[in-house]
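Quick notes on the structure that follows.
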Amino acid sequence: MRGVSPSRIAVCVPCYREAPRVAGLARALRALDPAPGAILVLDDGSPDRTGTLLRETGFEVLSHEENRGLGAGRNTLWRRAEQLGMEAVAFLDADVVPPTNYLSRVSSQLSGSAVAGVGGRNLDDQPVSRSDLWRGRFWPQALGSISLSDAPLLIGACATYRIAALREVGGFNPDFRTHGEDVELGRRLRLMGQRLLYDPEIVVHHRREDRPLELVRSCYLHCHEGMRATLSAPIETFEPIGLALGMGRKLVRAPAASLLKRRDPAEAAIGIAACGAGLLGYAVAWSRG
């Protein structure tokens with residue numbers, strides 16, 4: 001497969017209750033250089049002013065009358081991009097800021113035989129709260145610092161896929177409404193012989209402020225839906241055990257690092273609650289099969 005020109009890439013952003021972030025999102029998307037072939041944004045049934053503000057940006061706005069979730073939202077976006085004749089869709093979350101040259105790096109990497117998609121890291125490099133700081137240290141949205149030519153998934157906040165690959169597997173699973181749609185899709189693509197490329201030099205910047213309870217809830221959902229995705233598209237027999245053991249280790253190591261390295265009991269408490277919620281999410285999803 002050849003590379004994809006930025007002019008054949010649609011940047012797609014699903015939005016739900018993102019009114020406070022729309023202005024910053026619009027600035028970041030307008031600054032992309034080279035520019036994409038299309039910018040598509042989706043108001044996924046938001047009860048706030050998200051839809052109104054998105055329409056003021058001048059971008060093409062797609063809408064769901066009611067909230068249908070991330071999986072369905074991403075499907076609406078990539079199918080519209082296909083109608084416009086695009087070859088690839090670059091998904092971004094509404095709470096990230098890409099560098100201006102984002103599409104240059106993406107398009108140069110989206111080449112080679114059976115490369116279905118390429119993605120990178122979503123960095124928490126400007127934390128506002130203690131919860132944000134903890135998330136950046138212990139719950140990174142990244143697959144490490146080394147490139148992977150056969151990555152298990154792409155981080156949903158900054159993932160670009162060939163439309164042909166999405167069409168081949170039927171797109172995203174709409175049952176994954178808040179988390180895990182990227183995990184589940186990645187597993188199905190790999191089972192069909194497609195490759196995903198992870199490039200740590202592809203970076204977006206996370207601009208989200210979480211309170212402790214919001215962080216704990218997010219960690220629970222992240223792990224619950226991640227386990228559901230793992231079980232729905234199994235690749236190796238002992239993967240669920242590995243996930244649970246990994247979270248168990250983090251439950252010990254994260255609070256220990258907060259106490260021993262930084263002497264910060266408040267951060268340690270956040271770590272216990274967040275990792276405990278993640279472990280519970282894995283257990284609940286695993287028990288339900």
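The values are calculated or read from the model by the stated rules, or taken from the named source; none is laboratory data. None of the values given here were measured: they were computed from a predicted structure. All Cβ positions, glycine included, derive from the backbone under ideal geometry; neighbour counts span all protein chains shown.
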In the stretch 190-216, anything β-branched (Val, Ile, Thr) and not in a strand (DSSP E or B) is listed as Val216
Given the conditions (1) more than 25 Å from Asp93 (Cα to Cα); (2) of a type outside the set (A, V, I, L, M); (3) surrounded by fewer than 21 Cβ atoms within 10 Å (Cβ to Cβ), and given that His205 satisfies all but one, which numbered condition is not satisfied? (1)
Would you list the helices (runs of 4 or more DSSP H) that sit entirely within the stretch 1-112 and hold 3 or more residues that are over 17 Å from the mean Cα position of the chain (by Cα) and aliphatic (A, V, I, L, M)? 22-30
So, Arg263, is that one without any contact (Cβ under 8 Å) to a residue 12 or more places away in the chain, part of a loop (DSSP other than H, G, I, E, B) and either crowded, with 18+ Cβ neighbours inside 10 Å or outside the structural domain of Asp175 (by TED's automatic domain parsing) (or both) or not? yes
Any residue that is among the aromatic types (Phe, Trp, Tyr), crowded, with 21+ Cβ neighbours inside 10 Å and touching a helix residue (DSSP H, G or I) at 6+ places or on another chain (Cβ under 7 Å) - is there at least one of those in the stretch 95-109? no
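Residue by residue, here is whether (1) among the β-branched types (Val, Ile, Thr); (2) modelled with pLDDT of 95 or more; (3) not assigned by TED's automatic domain parsing to the domain that holds Gly156 holds:
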position: Leu189; (1), (2), (3): no, yes, no
position: Val204; (1), (2), (3): yes, yes, no
position: Leu215; (1), (2), (3): no, yes, yes
position: His224; (1), (2), (3): no, yes, yes
position: Leu231; (1), (2), (3): no, yes, yes
So which pairs qualify, if the first residue must be in the stretch 5-25 and within 14 Å of Ser104 (Cβ to Cβ), the second must be β-branched (Val, Ile, Thr) and surrounded by fewer than 24 Cβ atoms within 10 Å (Cβ to Cβ), the Cβ gap must be under 9 Å, and the two must be at least 6 apart or on different chains? Val11/Ile39
Of all the residues that make up the stretch 217-247, how many are in a helix (DSSP H, G or I) and loosely packed, with under 15 Cβ neighbours inside 10 Å? 4
Quick check, is Leu185 surrounded by fewer than 22 Cβ atoms within 10 Å (Cβ to Cβ) and among the hydrophobic types (A, V, I, L, M, F, W, C)? no
